[in-house]
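Derivation of every value follows stated rules applied to the coordinates shown; laboratory data play no part. Only a predicted model underlies this, so the values are computations on that prediction, with no experimental measurement involved. Cβ: placed from backbone, ideal geometry, glycine included. Neighbour counts: every protein chain shown.
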Amino acid sequence: METVVSGIRSTGKLHLGNYYGALSNFVKMQNEYNCYFFIADLHSLTTHPNPHDLQATVRNVVVEYLAAGIDPEKSTIYIQSDVPEVAELYLYMNMNAYLGELERSTSFKDKIRSNPNNVNAGLLTYPVLMACDILLHHGTKVPVGKDQEQHLEMTRTFGNRFNHLYQTEYFKEAFAFSYSDKLVKVPGLSGQGKMGKSNGEADCIYLSDAPEVIRKKIMRAVSDSGPTEPNQEKPESIQNLFDLMNVVSTPDTLSHFDELYNKCEIRYGDFKKQLAEDMVLATEPVRSRIASIENDEEYIKKVIKMGAEKAQASAQKTIKEVREIIGLKKLY
Ligand code: TYM
């Protein structure tokens, strides 16, 4: 059975981008594959979260994984820092990751641009740690959103380079995965590209947002005055709202509003109302389960402990084998 590995950073509440890009696929994949889904708390250290906030966000991601339908009996749910072997593998793989290729990574370039005062080595080697998360369990399928595609290419490069250096076929190649024919990119509400917290709170719809909050955010989303003539190309802000509708509404609803747009008869108030109602409906099951799981401390602890043990067993085996391959076998 193929192994699936994926994770989400513990940076706060999960939004629709995380859900449709990653989490919703996790839930489906657990019935077909051997799955490891973790909370990437080590990756979130690049932005120096305060320790209390970090603990709360890690716990929150666990709750939202469970609320989305990840079953801890089928999948291994764990916290990245509970498996310190990943840090050891990261050290070894850093020896085969070159400055030039790390500097060329688009996510690194974006980070330098958006926060030039915090260009730390952890940011630069972020893709190496991500590769190690996957290689540690010999993952071959990695459910992620479109923005992670380049990191998967780098994962293959690092794994193949290791294999070549040590004349082995130890690491397998991993590929980004989505059930849809393309990797998903969920747009944000501020008209600035993909949904993400870095574009501000108003850009994101969170899985835990109450229906009233969702309605308010959608009604305030950036739209436009047009169209002024039939079959006009949609400006980016409108295309984004149509893309969101494509994610949460039925194909009939989408084509209904598309037709109105093409006939210059669309009323953005109605369009947004429909979008908001469909979004409230689409997020309802997860929202209500978040409320019922978040206070069940015993259950949450049990899940985290069980996941840590399963992930550690797999990681310890890999690290032992990697040490032998690279010549770090114990001499006593
Ligand atoms: P993070 O926390 O930035 O994102 C988690 C997942 O959500 C997806 N995503 C989106 N998908 C579509 N549209 C959006 N607007 C959107 N925003 C976020 C991301 O593509 C991702 O799948 N580096 C990873 C975390 C990670 C990881 C790994 C993933 C660390 N190690 C190993 C897979 C395998 C990340 O982007 O986290």
Legend entry - In the range 73-131, trypsin sites (Lys or Arg not before Pro) in a DSSP loop with at most 16 other beta-carbon atoms within 10 Å: K74, R104
Inset, instruction - Convert each backbone phi in the range 312-319 into a coupling constant with the Karplus relation 6.51 cos²θ - 1.76 cosθ + 1.60 (shift: θ = phi - 60°), then list the ³J(HN,Hα) values in order as whole Hz, x for Gly and Pro. - result: 5, 4, 5, 5, 5, 4, 4, 5
Legend entry - Rel. contact order, % - alpha carbon contacts under 8 angstrom, at least six apart, the range 202-284: 41 percent
Inset, instruction - Counting only C-alpha contacts under 8 Å and six or more residues apart, can you give the relative contact order of the range 60-201 as a whole percent? - result: 19 percent
Inset, instruction - Working from Cα positions, state the angle (0 to 90°, nearest 10) between the long axis of helix 85-94 and the longest principal axis of the chain. - result: 90 degrees
Inset, instruction - Once you have all Cα-Cα distances for the range 197-291, histogram them in 5 Å bins from zero and send the whole-percent values. - result: 2, 14, 23, 24, 17, 10, 6, 2, 1, 0
Legend entry - Ranked packing of 186-196, 237-247, 165-175, 207-217, most packed first, by mean Cβ within 10 Å: 186-196, 237-247, 207-217, 165-175
Inset, instruction - Would you mind telling me which residue in T155, T106, T76 has the biggest mean-square fluctuation in a Gaussian network model of the chain, where springs connect alpha carbons within a distance under 10 angstrom? - result: T106
Inset, instruction - Rank L89, F37, L23 by how far each Cα sits towards the positive end of the charge dipole of the chain (+1 on Lys, Arg Cβ; -1 on Asp, Glu Cβ) and give me just the farthest. - result: L89
Inset, instruction - With only Lys, Arg, Asp and Glu charged, each at its Cβ (+1 for the first two, -1 for the last two), find how big the charge dipole of the chain is about the Cα centre; round to the nearest 20 debye. - result: 720 debye
Inset, instruction - Would you mind calculating the relative contact order of the chain from Cα pairs under 8 angstrom and at least 6 residues apart, reporting the percent as a whole number? - result: 23 percent
Legend entry - Karplus 3J(HN,Hα) series, Hz, for the range 181-195 with 6.51 cos²θ - 1.76 cosθ + 1.60 (x for Gly, Pro): 5, 10, 5, 8, 10, 8, x, x, 8, 8, x, 10, x, 5, 4
